[in-house]
Amino acid sequence: MGTMEGLYLPLVTPFHDGHVDLDSLKGLAKHYSSTGVSGFIMLGTTGESPTVEPDEQRAIIETTLDAVGGALPVYVGVSGNATRQVARGIAAFEPLGVAGYLVATPYYNRPSASGMVAHYQALTEETERTVIVYNVPYRTGVNLPNDALFEIVATTRNVRAVKDSTGNIVQSLDLLERAPAELSVLTGEDPLYFTSLANGAAGGILAASHLAVETFVAVTRAMAQQELVRAREAWRRVSPMIPKLFGEANPMPLKYALWRQGLLRSPECRLPLTQVSDGLAATLDEIVASLPHV
Ligand SMILES: O=C(O)C1=N[C@H](C(=O)O)C[C@H](O)C1
């Protein structure tokens, strides 16, 4: 059985007047820690990792670990397209005591499958902690074939989870069918969370679950208890809002909604991300109005 299961929250990085808002981050971490999520993924796509400086990253991780106080595992996103730089990035986080690392396949330089295998084999020399392979072709430009992923698992001691964001249901179902027992398959495709769980996924890493998190947890727990109908009823309460949360660049919509809920002091994102359009803002206002008060 893989090391990860359940719903993981890829926490947004709050900004205020251009600076990382550590007070809001501390409040978010404390707020979500008691909701039933299985852990946090920091500095993922939703955490706007490309525009967060190294010293800010360290402060974000230290603040989150302190706020969570060991109650839940905290993973951190470390990605790049130069293996040595990603290795140095992992090494820099090792002293902080995170649970592991979310590592996207290299982007822009379009490595081969064998190159991606060698990338992860090299990275696992830097840590004993869990490495989550993040396969997200629409962002990276490359797709990691399932057989190459299985080779990575077989030839490393700590690649024990994959965040499947291929958006290719045929590949995802093949992955779920053939995954070795030690590999936790976590979907990163929010609209496919119920379908993935129904087909054997261990869980998901879902930005959308910042909103109505208790319902996403209810789906997770019902599926873990083989309560398909109860899980589907809960799922249908949240699934309609998901496309709206990705209608413009994630996490712009999500931050706007969290700001309207009072969980963020500002919806600001860092350039090149900006802010949601007026039309989407109006739609998000309706979604927020329909949610339980936080
Ligand atoms: O930040 C993440 O982790 C996620 N990012 C995905 C994306 O925006 O591509 C979406 C998923 O919810 C988790």
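The values are calculated or read from the model by the stated rules, or taken from the named source; none is laboratory data. In this text, all values refer to a predicted model and were calculated from it rather than measured experimentally. All Cβ positions, glycine included, derive from the backbone under ideal geometry; neighbour counts span all protein chains shown.
Here are some notes:
- First in segment 234-261 and closer than 17 Å to residue 24 by Cα, second anywhere and among the acidic types (Asp, Glu) and assigned to a helix (DSSP H, G or I), Cβ under 8 Å, 6 or more apart: 260/285
- Selection within segment 1-29 - away from the ligand (no atom under 12 Å from the Cβ), under 18 Å from residue 267 (Cα atoms) and touching a helix residue (DSSP H, G or I) at 6+ places or on another chain (Cβ under 6 Å): 14, 20, 22, 25, 26, 29
- Qualifying residue in segment 45-56 (condition: part of a strand (DSSP E or B), modelled with pLDDT of 95 or more and not β-branched (Val, Ile, Thr)): no
- For residue 65, the conditions (1) more than 19 Å from residue 3 (Cα to Cα); (2) assigned to a loop (DSSP other than H, G, I, E, B) are fulfilled apart from (2).
- Within segment 218-241, considering residues that are of a type in the set (A, V, I, L, M, F, W, C) and surrounded by fewer than 20 Cβ atoms within 10 Å (Cβ to Cβ), the one nearest to the ligand (Cβ to nearest atom): 224
- For segment 179-187, the condition of being free of Cβ contacts under 8 Å to residues at least 40 places away in the same chain, away from the ligand (no atom under 16 Å from the Cβ), surrounded by 15 or more Cβ atoms within 10 Å (Cβ to Cβ) and over 14 Å from residue 133 (Cα atoms) holds for none of the residues.
- Residues that are touching an Asp or Glu at 6+ places or on another chain (Cβ under 7 Å), within 18 Å of residue 206 (Cα to Cα) and of a type in the set (Val, Ile, Thr) occur in segment 240-261; there is at least one.
- Here 46, 63 are screened, and the one residue that is in contact (Cβ under 8 Å) with a residue 40 or more places away in the chain and either among the aliphatic types (A, V, I, L, M) or surrounded by fewer than 18 Cβ atoms within 10 Å (Cβ to Cβ) (or both) is 63.
- So residue 252, is it modelled with pLDDT of 95 or more, away from the ligand (no atom under 16 Å from the Cβ) and surrounded by 15 or more Cβ atoms within 10 Å (Cβ to Cβ): no
- Of the numbered criteria (1) under 30 Å from residue 27 (Cβ atoms); (2) over 18 Å from the mean Cα position of the chain (by Cα); (3) outside any helix (DSSP H, G or I), the one residue 59 fails is (3).
- Leading residue by the ranking (farthest from residue 209 (Cα to Cα)) among those in segment 159-199 that are charged (D, E, K, R) and under 17 Å from the mean Cα position of the chain (by Cα): 160
- Within segment 118-190, helices (runs of 4 or more DSSP H) holding 3 or more residues that are over 24 Å from residue 98 (Cβ atoms): 146-155, 169-178
- If the condition is being farther than 12 Å from residue 6 by Cβ and either within 15 Å of the ligand (Cβ to nearest atom) or part of a helix (DSSP H, G or I) (or both), then segment 191-204 contributes 191, 192, 194, 195, 196, 198.
- Candidates 8, 32 - the one that is in a helix (DSSP H, G or I), closer than 20 Å to residue 97 by Cβ and hydroxyl-bearing (Ser, Thr, Tyr): 32
- Residues that are among the polar types (S, T, N, Q) and surrounded by 20 or more Cβ atoms within 10 Å (Cβ to Cβ), drawn from segment 66-86: 79
One line per residue, one yes/no per condition, for (1) away from the ligand (no atom under 16 Å from the Cβ); (2) closer than 20 Å to residue 160 by Cα; (3) of a type in the set (S, T, N, Q):
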site	(1), (2), (3)
31	yes, no, no
68	yes, no, no
97	yes, yes, no
141	no, no, no
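- Number of positions in segment 188-209 that are in contact (Cβ under 8 Å) with a residue 40 or more places away in the chain and small (Gly, Ala, Ser): 7
- The set of residues in segment 205-217 that are within 12 Å of the ligand (Cβ to nearest atom) and part of a loop (DSSP other than H, G, I, E, B) comprises 206, 211.
- For segment 133-170, the set of residues classified as of a type in the set (A, V, I, L, M) and surrounded by fewer than 19 Cβ atoms within 10 Å (Cβ to Cβ) consists of 154, 169, 170, listed by residue number.
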